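The structure under discussion appears below in the form of structure tokens.
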Amino acid sequence: MSSPGSPIPLNRRDVRRLEIPINDHLTQAPASSAVDSVATVLEEQTQQTIDDWYLRLRSEELLEGSVTNKEARSSHLPELFRELIHRLRHPVVLGSAARASKAAAAHGLLRLKQGYSAAVLIEESRCLQVSIFNTLNANAHRIDFNRLLPDVMVIADEVDAQLAMAMASYTSGGALTSVLPVAPA
């Protein structure tokens with residue numbers, strides 16, 4: 001009798017019983033398709049991710065306020081995704097000074113003019129990260145697993161940096177928008 005935590009001895013018949021399902025799985029598994037980067041997946045799934053974000057806002061009742069129209073509410077996101085994808089493809093040190101985003105600054109000022117609270121900007125950002133991670137999870141079979149965690153860290157850093165720029169613009173009443181350099185295209 002083996003003690004708890006010690007390996008259970010296997011005889012040849014046990015090993016063969018394990019080999020069959022493993023071999024069957026290996027021979028029946030679909031041929032591996034090309035592995036995509038997180039940037040490629042997000043580029044292809046931008047609109048679906050934005051749609052998921054908007055539905056998430058609706059389900060969490062964050063669409064109260066002056067703008068509930070999907071196009072107006074999400075107008076800042078295509079540029080945010082372009083900047084995020086650029087950052088994924090051209091990484092910088094995590095936590096380093098983020099390149100200024102006129103789109104993020106304009107988003108903060110727009111939400112101020114629309115009468116939204118700062119808390120709404122934060123919740124929008126949180127919902128965006130959840131939607132991005134949901135997209136990655138739905139496409140995990142396509143993604144280079146070795147790059148997934150580092151890219152998730154870049155996503156969190158970039159989305160947080162964009163939120164910080166939006167909040168700086170929001171709290172300054174837009175005074176920052178005229179001095180920000182243009183982010184990469």
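Miscellaneous remarks
- Any pair with Cβ under 6 angstrom, 6 or more apart, that starts in the range 93-119 at a residue that is under 18 Å from PRO78 (Cβ atoms) and ends at one that is surrounded by 14 or more Cβ atoms within 10 Å (Cβ to Cβ) and among the aromatic types (Phe, Trp, Tyr): GLY108/TYR170
- In the range 91-142, residue modelled with the lowest pLDDT [restricted to those that are within 25 Å of ALA39 (Cβ to Cβ), among the charged types (D, E, K, R) and not in a loop (DSSP other than H, G, I, E, B)]: LYS102
The values are calculated or read from the model by the stated rules, or taken from the named source; none is laboratory data. Since the model is a prediction, treat every value here as computed from it, not as a measurement. So basically every Cβ, Gly included, is an ideal-geometry build from the backbone, and we count neighbours across all protein chains shown.
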